[in-house]
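The values are calculated or read from the model by the stated rules, or taken from the named source; none is laboratory data. The structure presented is a predicted model; accordingly, all values stated were derived computationally and were not measured. All accessible areas refer to the heavy atoms of the entire protein, side chains included, with ligands and DNA or RNA removed. Shrake-Rupley method; radii C 1.70, N 1.55, O 1.52, S 1.80 Å.
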Amino acid sequence: EKDLAKPRLISRAEEGSGEESARASLSDFYAADFENKEKDDKLEVIMEDETTKNVESAYSNIVQDYEAKVKSHDLDHRYIEKFLSLFNPKQKVLDIGAGTGTISNEMQDNHRLDVTAIDLSREMVDLAKKNYPDLKIIQMDLRKLEFPDNTFDGAFANYSLIHVAEADIPSTLNEIARVLKSGGYLYLALQEPITQMDKDGYYPVVYKKEVKMFINLFTESDMRGYLKNAGFMVVNINRRPPEKETEFPFNKLFVFAQK
């Protein structure tokens, strides 16, 4: 069982390599002895700040290469299209962690959906605005969604929830549930361990190996539990193996859920 008191996150980026990836565990990275719970709580805040800084910094460093190098959109296309087929034109979808805006733009242009996109990285938001001037994209932390209750018919989190520290996963899913209408659908793309040896840790971006992202691995059981507690019903599970030349060496887990 996972220790839910330990914050952890995993990467939305699909540009990792399977070659000699660092497998430092959180327990090694943050090893320390604490005298009391107050110190534990204080460290937890520091750790969450560090993971957020890592995500922002890493994407700032790879933004110029990201669109050209990342191929997960093509590899995941069948799952994305299956999810988007659940909606009718003009329904409202929130793209959570939209990156450069490519998928958001496809939702808007090809599926005629009313799309609002958000991303934590200012550089990603700026590039998306440059590439797709008609796209509504906002810099926003997905843990604190600045929308009214019951706003969206769907939420699309493509390798983005995996950037959230584990301690924040329950509240983040509650936030997503809050802004979804009753009956609304949620898409999650996650990284899943293949073996018991697969551990959370910092992994280098394959096309820019000096940049490392902290990768957190969710099992199907983990996510089913989180979603149930947030008021979601899992309606579909898919997975595929990694494309070893371009991706982190973990299974890709796709979850459709309904509020």
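Descriptive notes on the structure:
- Tally of Lys pairs whose C-alpha atoms are under 27 Å apart, taken over segment 134-247, 8 or more apart or cross-chain: 14
- Descending principal axes extents, segment 110-150, alpha-carbon based, whole Å: 29, 26, 11
- Measuring nothing but protein heavy atoms, the accessible surface of segment 137-189 at 1.4 Å probe radius is 48 percent carbon and sulfur.
- Full extension of the chain between LEU75 and MET233 yields a length gain of 54.3 nm, computed as 0.36 nm times the residue separation minus the alpha carbon distance.
- Cα-based Rg / Dmax (Å) for segment 195-259: 14.2, 40
- Working from the Cα coordinates of segment 81-176, the gyration tensor eigenvalues give, after taking √(5λ), semi-axes of 20, 17, 11 Å in decreasing order.
- Computed with a 1.4 Å probe over protein heavy atoms only, the accessible surface of segment 119-249 comes to 43 Å² per residue.
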